[in-house]
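The values are calculated or read from the model by the stated rules, or taken from the named source; none is laboratory data. Fair warning: this is a prediction, and the values are worked out from it, not measured in the lab. Because the Cβ atoms are built from the backbone with ideal geometry, glycine has one as well, and the counts that use them run over all protein chains shown.
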Amino acid sequence: MCEADCQALLCSNPSDPALDSLSFYAYVQSRNVSPTAIATASVWTRAMLGQASMSRRCTSSTTAAPATGLSRCAATDGTARSTSASASEGTQSFANTMAADLPADTVQFGERVDAILQSPGAGSIVISRTGRAIRAKKVPALPPKKQLLVDSFRYVYYAKVMLVFRSAWWVERGYCGLVQSFKGPASIYWDTSSPRDGKYGLTAFLAGDSGRQWAQEKNVRKREQADEELLGWGFSCPALPPGVLTLAGDALRESVGNIHFVGTETAAEWKGYMEGAVRSGRRGAREVVQGLNRNRRL
């Protein structure tokens, strides 16, 4: 049912006003499925998208499968291991390696933006967490549709808890290492072992309201962990309320003059993942090259 509706939508422009007006919960209910199916849909919506099915926009959830491959992830082959492609040095090594091929100081790591100050005649000043100030003489306003997207995007609660073991005891007992839970803060547990490195573990995904409640526990140890600066900032893609995608979704990847927009959130496929970031980067590079070629011809 959901798979068929997924495939009927274009990942690059999933326009369907009827679906966009529904929450995913309302969509599932309209298909007259069993209470167990509704509960399962809620668990996976919370685990994979970081938001309850009652508040998640239907087009966001139904396009998630073709856009991120979630339908394939959910249909495990029996191993349920999510580290078939992993980097022991950490994924930051990809960015560091690529940045090393560019001129020095072209890419600034660890410069999270803390504030953007604007004053008439003085342009804009971007202040980073390290105190660095970057001045821009002119920052053009966003077109109405893009501004609507920016104002409407919301990051939901999402956190992971790693459970490390001496051995993959679940495999030894004949289990695949994928667990879903209707109760408690963790929606699913996923096998994130690396047998070749002798490391075995399960990752618990705490998301949505239940994850947020866990983070607010008064237990001191939990609070220390939950207060970490980057914990709970949401799934890798922001959520939109019903109707916004229909009104402004086509503007997500549109360039504005000489300004081009890239990033995993703008990917047509594998949105929210590294693959999506790479795809969007390639698209942005093509746009810039095409623009430069047009200017040369003029």
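Structure notes:
- Hits in the stretch 90-135 (condition: farther than 30 Å from THR192 by Cβ, acidic (Asp, Glu) and assigned to a loop (DSSP other than H, G, I, E, B)): ASP101, ASP105
- Search result, residues across the stretch 127-177 that are more than 25 Å from the chain's Cα centre (by Cα) and crowded, with 16+ Cβ neighbours inside 10 Å: ALA168, TRP170, VAL171
- Among (1) of a type in the set (Gly, Ala, Ser); (2) at pLDDT 90 or above; (3) surrounded by fewer than 17 Cβ atoms within 10 Å (Cβ to Cβ) - the single one SER194 does not satisfy: (2)
- Residue ID - farthest from the chain's Cα centre (by Cα), chosen from residues in the stretch 180-211 that are assigned to a strand (DSSP E or B) and within 18 Å of ILE38 (Cβ to Cβ): GLN180
- Condition check for ALA248: more than 20 Å from CYS6 (Cβ to Cβ), touching a Leu at 6+ places or on another chain (Cβ under 9 Å) and modelled with pLDDT of 75 or more: yes
- Residues of the stretch 264-287 that turn out to be under 22 Å from ASN13 (Cβ atoms) and in a helix (DSSP H, G or I), as a count: 16
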